[in-house]
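So the structure is just underneath, and the comments pick up after that.
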């Protein structure tokens with residue numbers, strides 16, 4: 001991933017916040033501030049992944065529209081090269097510039113197969129690249145390009161429909177995944193602030209968790225317990241997010257955004273609870 005101005009800004013702000021956090025070492029605010037810094041660094045990268053996923057979906061939708069326009073034009077007897085030039089000025093969203101470049105190359109006499117390869121490299125989308133490969137092969141072999149275009153359009157349309165149906169079917173599981181994680185956070189907080197203090201016979205405001213009542217030994221500070229539970233929640237949030245991404249979109253990479261949301265949720269709730277109830 002290429003680092004842009006937004007990434008560097010997030011890194012600078014995050015490092016600045018982390019630096020400030022060292023003035024709060026030993027206070028209940030230390031981990032809250034340092035965690036905020038880390039999240040500030042991660043946020044631009046997560047947003048970039050979300051934007052990349054959104055753009056990829058829009059590219060496929062716009063290519064489908066482009067292919068349909070080509071089919072209509074080719075069916076009238078217009079050669080595919082001329083058809084591309086004729087439909088280039090229609091609105092194709094994120095693909096508009098790429099399609100205009102393709103048409104301009106053809107206008108300048110660039111072979112269609114080479115222009116399609118350039119278009120494929122510029123777009124950087126597997127679904128579109130496969131479709132362009134089929135079109136290029138049909139054009140080179142002298143096949144019935146209209147029928148090939150129509151088949152490609154139907155294939156892309158079917159793939160897009162199946163993807164949307166899969167996402168709709170899995171959306172319930174995604175919601176359930178978030179609800180389960182929130183319940184998990186609540187259970188951990190109840191364990192930390194209610195059950196565990198009762199087991200050892202102390203209250204959270206005691207300042208340290210002495211385990212002498214359980215058989216002696218060195219006391220465990222409340223902050224150590226709070227940090228241990230926070231790390232547990234963050235790890236669980238990371239893996240839960242990746243799992244949700246894999247189930248909903250068939251790829252772990254989009255799951256990074258779910259991991260970020262769940263980890264942010266866990267961090268804010270856990271550190272907030274420790275600030276207000278930790279004593």
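Please indicate, with yes or no, whether at least one residue in the stretch 169-184 is in a helix (DSSP H, G or I), assigned by TED's automatic domain parsing to the domain that holds residue 62 and under 23 Å from residue 55 (Cα atoms). No: zero hits.
Listed by first and then second residue, the pairs linking a residue in the stretch 245-263 that is touching a residue at least 12 places away in the same chain (Cβ under 8 Å) to a residue that is assigned to a loop (DSSP other than H, G, I, E, B), with Cβ atoms under 8 Å apart and 6 or more places separating them unless they lie on different chains, are 245/251; 245/252; 245/253; 245/254; 248/254.
When the criteria are applied in full, residue 245 meets the requirement of being at pLDDT below 85 and either part of a helix (DSSP H, G or I) or over 18 Å from residue 43 (Cα atoms) (or both). When you scan the stretch 28-36, do you find a residue that is at positive phi and assigned to a loop (DSSP other than H, G, I, E, B), even just one? Checking the stretch 28-36: not a single residue is at positive phi and assigned to a loop (DSSP other than H, G, I, E, B). Within the stretch 24-44, the residues that satisfy the criterion of being crowded, with 17+ Cβ neighbours inside 10 Å and in contact (Cβ under 8 Å) with a residue 60 or more places away in the chain are 31, 32, 35, 39, 42, 43.
Applying the condition of being within 20 Å of residue 60 (Cβ to Cβ) and without any contact (Cβ under 8 Å) to a residue 12 or more places away in the chain to the stretch 97-123 and asking which residue is farthest from the chain's Cα centre (by Cα) yields 97.
The values are calculated or read from the model by the stated rules, or taken from the named source; none is laboratory data. Treat the numbers as computed from the prediction; the structure is a model and nothing was measured. Reconstructed Cβ throughout: ideal geometry from the backbone, glycine too, with neighbour counts over all protein chains shown.
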